[in-house]
Amino acid sequence: MDLNTLVANMSAGFGVALSPDKLVFGLLGVLIGTAVGVLPGLGPSVAIALLLPLTFGLDPTTAFILFGGIYYGTMYGGSTTSILINTPGDAAASVSTFEGYPMAKRGLGGVALATSAIGSFIGGTFATFMLMLAASSLAAATLWFGPPEYFSMMVLALAMVTGMAGKSLPRALFSLSVGLGLAMVGIDMQTGANRLTFGVQELYGGIDVALGAVGLFAVGEALWLIASPPEGQAERLPTNRLWLTMDEWRRSAIPWVRGSVVGFCSGLLPGTGATFATFVSYGVERRFSKQPERFGKGAIEGLAGPEAANNAAAGASMVPLLALGIPGSATTAIMLVAFQLYGLQPGPTLMETNKELVWGLIASLYVANVLLVVLNLPLVGLWVQLLRIPRGLLTAIILVFSTVGAYSLQGSLGDVVIVWLLGVAAFLLRRFGFPIAPVLLGLVLGPMLEQDLRRSLAMSSGDFGIFLDRPIALAVFGLIAVLALYRVSLLWRTRRSTAGLDAAAGA
């Protein structure tokens with residue numbers, strides 16, 4: 001596509017997106033998305049699925065502008081409670097608890113929310129810009145990835161997150177094993193056999209990732225707060241500073257850029273989703289950090305990167321949907337259903353026959369990003385007031401929201417029980433020093449890891465050599481080997497220096 005055609009298409013798109021009626025629906029989508037994102041367990045796919053029957057009276061362009069606003073708004077809103085009360089709105093927002101919540105406990109809740117808003121804007125705008133530039137060519141690149149390549153990417157993500165554990169690597173591996181075990185619960189999609197269900201009907205469908213995020217982080221945190229001795233009230237109160245210092249800008253700038261690139265590249269791969277992107281981005285920031293000891297204690301770069309990756313992955317997942325008709329996430333799968341209900345089939349023909357819809361939607365994503373910043377940055381001071389809520393009331397609110405969020409997914413009391421059991425498990429793991437993040441990562445990636453391994457072996461008639469015959473998979477496994485060797489050498493040097501210090505002290 002030449003520059004003149006691109007400019008003409010985007011001019012027409014903005015003419016559609018900025019018309020008064022479309023702008024109202026874009027604003028409504030952003031508001032609904034932000035509100036839904038704050039509620040535990042209610043992600044963008046749930047919001048769009050619930051609103052889908054209500055949009056049948058709208059023209060398709062208006063409906064999809066509404067859905068686009070909801071999508072981006074939910075990606076931002078899910079991080080608000082992650083940062084302030086350690087309660088992620090959805091699985092993708094779970095990574096924000098790693099550094100955002102410690103920042104809030106240190107009185108930097110406003111700074112963390114501002115970092116999140118700016119990162120979401122940068123990531124979302126970058127993804128929309130890339131979508132605008134080369135939807136067709138970028139989507140075609142995803143066709144290079146088959147089951148072996150996807151499997152290698154999943155293993156890389158697992159290796160990066162467990163490698164962040166430092167000296168507690170065995171504990172991280174145990175937590176990862178727990179997550180992978182939870183991912184196996186339910187009916188085997190290939191054989192139809194029940195696995196680890198113990199005859200409980202509610203487990204036949206497996207454990208939903210949203211339930212995992214709410215149970216492991218929200219309920220687990222509430223139980224931890226109940227069991228922990230009271231903290232000083234001063235630690236819980238926000239400071240008056242709601243904006244970043246020059247040093248915080250400097251530490252966040254590169255992670256925002258890296259997170260946008262990581263999130264967009266991850267989001268292009270159908271099925272990986274924003275959760276995968278945020279975990280990878282967090283691992284990348286820790287690897288590149290000159291002070292990795294800050295992580296887990298409120299490192300702003302560990303929040304900036306995943307926040308940008310979150311929205312970038314959301315925008316990138318629109319590329320395979322619009323260009324190839326392949327949903328890149330659960331949310332775009334719902335949007336694919338919406339396209340079909342309107343009698344439309346996403347793909348190359350849609351971009352030619354219904355330009356108003358496609359370019360109006362792309363332009364509306366730019367507008368949604370601007371609306372998110374305009375709406376949410378002034379509200380940072382209001383959001384941080386959540387930190388003034390007394391601990392007893394705060395834990396009650398977390399537990400109520402978590403319970404309601406779990407029940408609202410399918411209207412099942414079984415889901416509520418699962419969330420509470422996972423919360424108890426998270427509390428026990430935390431009590432004995434086991435990290436929680438690898439559990440969720442195993443739950444998220446476990447089904448995809450298993451399916452892609454099975455498909456790869458089916459392609460090669462059981463020959464594991466297929467992973468060495470595919471250049472992309474071989475390169476990824478080579479990177480994993482380099483990271484593992486680096487980690488081993490780092491541990492060896494640390495032990496040698498420790499032994500030297502002990503010998504010197506003994507002398």
**Request:** Run the quick spin-label model on Lys297 and Val400: label points 7 Å from Cα toward the beta carbon, then report their separation in nm to one decimal.
**Result:** 3.7 nm
**Message:** I'd like the Karplus ³J(HN,Hα) series for segment 20-37: coefficients 6.51, -1.76, 1.60, θ = phi - 60°, whole numbers in Hz, and an x wherever there's a Gly or Pro.
**Reply:** x, 5, 5, 5, 5, 5, x, 5, 4, x, 5, 5, 5, x, 5, 5, 5, x
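Calculate, in nm to one decimal, what Leu375 and Arg493 gain on full extension: separation in residues at 0.36 nm each, minus their alpha carbon distance. Can you show the working numbers first?
Numbers: separation 118, 0.36 × 118 = 42.48 nm, distance 4.96 nm.
37.5 nm is the gain from fully extending Leu375 to Arg493.
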**Message:** How far apart, in nanometres, would the label points at Val257 and Ser408 be if each is projected 7 angstrom from Cα along the Cα-to-Cβ direction?
**Reply:** 3.9 nm
**Request:** Could you compute the FRET efficiency for Leu483 and Thr353, with r as their C-beta to C-beta distance and R0 at 51 Å, rounded to 0.05?
**Result:** 0.65
**Prompt:** Label Glu202 and Arg455 with points 7 Å out from Cα along Cα→Cβ: what is the distance between them in nm?
**Reply:** 3.2 nm
**Request:** Apply 1/(1 + (r/R0)^6) to the Cβ-Cβ distance of Arg431 and Arg250, taking R0 = 35 Å, and write down the FRET efficiency to the nearest 0.05.
**Result:** 0.40
**Request:** When a/c is below 1.5 the answer is rounded, else prolate if a/b is larger than b/c, else oblate, so apply that to segment 418-485 with a ≥ b ≥ c taken from the square roots of the Cα gyration tensor eigenvalues.
**Result:** oblate
**Message:** Taking the Cα centroid of segment 181-220 and of segment 460-483, what is the distance between the two, rounded to the nearest whole Å?
**Reply:** 29 Å
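Can you give the extra length, in nm with one decimal, that the chain gains between Leu468 and Ala8 once fully stretched, where that is 0.36 nm per residue apart less the Cα-Cα distance? Could you put the intermediate results ahead of the total?
Working: separation 460, 0.36 × 460 = 165.60 nm, distance 4.58 nm.
Gain on stretching Leu468 to Ala8: 161.0 nm.
Where a number appears in this text, it was derived from the coordinates with a stated rule and is not lab data. If you're wondering where the values come from, they're calculated on a predicted model, not measured in any experiment. All Cβ positions, even for glycine, are placed from backbone atoms using ideal geometry, and neighbour counts span all protein chains on display.
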